[in-house]
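Colleague: What follows is a single structure, and I will ask about it in a moment.
The values are calculated or read from the model by the stated rules, or taken from the named source; none is laboratory data. Note that the coordinates shown come from a computational prediction; the quantities given were computed from them, not determined experimentally. In this analysis, Cβ positions are derived from the backbone assuming ideal geometry, glycine residues included, and neighbour counts consider all displayed protein chains. In case anyone asks, the SASA skips ligands and DNA or RNA and just uses the protein heavy atoms, side chains included. Shrake-Rupley method; radii C 1.70, N 1.55, O 1.52, S 1.80 Å.
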Amino acid sequence: MFTRAIVREPGSNFAEGLTSVELGVPEFDLAMRQWEAYCLALEECGLTLTRLEADLRFPDSTFVEDTAVVTPHGAMLTRPGAESRLGEVAAIAETVRGFYPESAEIGAPGTLDGGDICEAISESGGHFFLGISHRTNAEGARQLAEHLAREGYPSSCVDVRGMSSILHLKSGISYIGENTLVVMEEMADRPEFVGYDLLRVGADESYAANCVRVNDRVLVAEGYPRMTEELVRRGFDPLVLDMSEFRKMDGGLSCLSLRF
Ligand code: CIR
């Protein structure tokens, strides 16, 4: 069960952040309404939120997930792979340390974005998939793996550098409990995921592969009816949220919060 989340309000210069998709310029007012709805959804799931003010120094800073990896045992502050995002960690560190005073830190030359880290419970307990991407390098993953091992968690790497369609590992996979791994079709046959019940997301709905289990609900993006129906068919309780403006900046549901 999660009880808390940290979120950061999008800044008015949100549209100046990084993006690799050509879906147009996000509309700030609509992004704010979608963000408020996201916060309300987390509260509806029972979480108490720490809401940070917008930080105009970092247009991507609403995507707080990338700045830390939080487990039931501790936290690791990251070192984002995009230079324009490096300062986001210092900006959130005090808040994370307020909950996890012993937080560790990824050190140079390691880079790691939280969006590449997927906790998936396997038959033997907690397991972490560490995505190696254009943001997270092998050294960053090695440092996190060592930290997780000290906490008692095994981990393994999943190299997604060859996949141009996703920014982070969790753009393509999400663990939603009950041994179920949501996975975009393009990745579904990878040997790393053998042993999980796969919920395959069709190519035309692949953005919906980034969904988030929060207590009894699964947050899922609006506009992907087959994915939502499949969640219901399997006994999950989807909570559908419009993410159109965040999608324009390569962001998904998981990126907008740190949950613990
Ligand atoms: C970036 O390119 O870093 C941001 N525009 C989007 C980050 C999305 N974060 C995530 O998926 N965890």
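Colleague: From the list L198, L239, L219, L167, which residue is farther than 28 Å from I6 by Cα, outside any helix (DSSP H, G or I) and among the aliphatic types (A, V, I, L, M)?
Modeller: Details: L239 fails: farther than 28 Å from I6 by Cα; L219 fails: farther than 28 Å from I6 by Cα; L167 fails: farther than 28 Å from I6 by Cα.
The match here is L198.
Colleague: Another one. Assess whether S12 counts as being open to solvent by 40 Å² or more (accessible area, probe 1.4 Å), at pLDDT below 95, more than 18 Å from L144 (Cα to Cα) and assigned to a loop (DSSP other than H, G, I, E, B). Spell out how you get there, then give the answer.
Modeller: Values: open to solvent by 40 Å² or more (accessible area, probe 1.4 Å): yes; at pLDDT below 95: no; more than 18 Å from L144 (Cα to Cα): yes; assigned to a loop (DSSP other than H, G, I, E, B): yes.
Considered against the rule, which asks whether it is open to solvent by 40 Å² or more (accessible area, probe 1.4 Å), at pLDDT below 95, more than 18 Å from L144 (Cα to Cα) and assigned to a loop (DSSP other than H, G, I, E, B), S12 comes out as no.
Colleague: The conditions are (1) in contact (Cβ under 8 Å) with a residue 60 or more places away in the chain; (2) in contact with a Gly (Cβ under 9 Å, 6 or more places away or on another chain); (3) surrounded by fewer than 21 Cβ atoms within 10 Å (Cβ to Cβ); (4) within 20 Å of R213 (Cα to Cα), and D66 fails exactly one of them. Which is it?
Modeller: (3)
Colleague: Let me ask something additional. Hey, could you check the stretch 73-103 for residues that are of a type in the set (A, V, I, L, M, F, W, C) and open to solvent by less than 30 Å² (accessible area, probe 1.4 Å) and say which is farthest from the ligand (Cβ to nearest atom)? So that I can check it myself, show each step before the final result.
Modeller: Step one: list which residues in the stretch 73-103 are of a type in the set (A, V, I, L, M, F, W, C), which gives 75-77, 82, 86, 89-93, 96, 99.
Applying the additional criterion that residues be open to solvent by less than 30 Å² (accessible area, probe 1.4 Å) yields 75-77, 82, 89, 92-93, 96.
On the way: A75: 16, M76: 15, L77: 15, A82: 5, V89: 13, I92: 14, A93: 18, V96: 16 Å.
Ranking the candidates gives A93 first.
Colleague: Related question: Answer yes or no as to whether A5 is open to solvent by less than 10 Å² (accessible area, probe 1.4 Å), part of a strand (DSSP E or B) and away from the ligand (no atom under 15 Å from the Cβ). First the steps, then the outcome.
Modeller: Details: open to solvent by less than 10 Å² (accessible area, probe 1.4 Å): yes; part of a strand (DSSP E or B): yes; away from the ligand (no atom under 15 Å from the Cβ): no.
When the stated conditions are applied, A5 does not pass them.
Colleague: Pairs, please: C-beta under 8 Å, at least 6 apart or cross-chain, first residue among the charged types (D, E, K, R) and in the stretch 137-152, second open to solvent by 60 Å² or more (accessible area, probe 1.4 Å)?
Modeller: Between residues of the stretch 137-152 that are among the charged types (D, E, K, R) and residues that are open to solvent by 60 Å² or more (accessible area, probe 1.4 Å), the close pairs are E139/P109; E151/H73.
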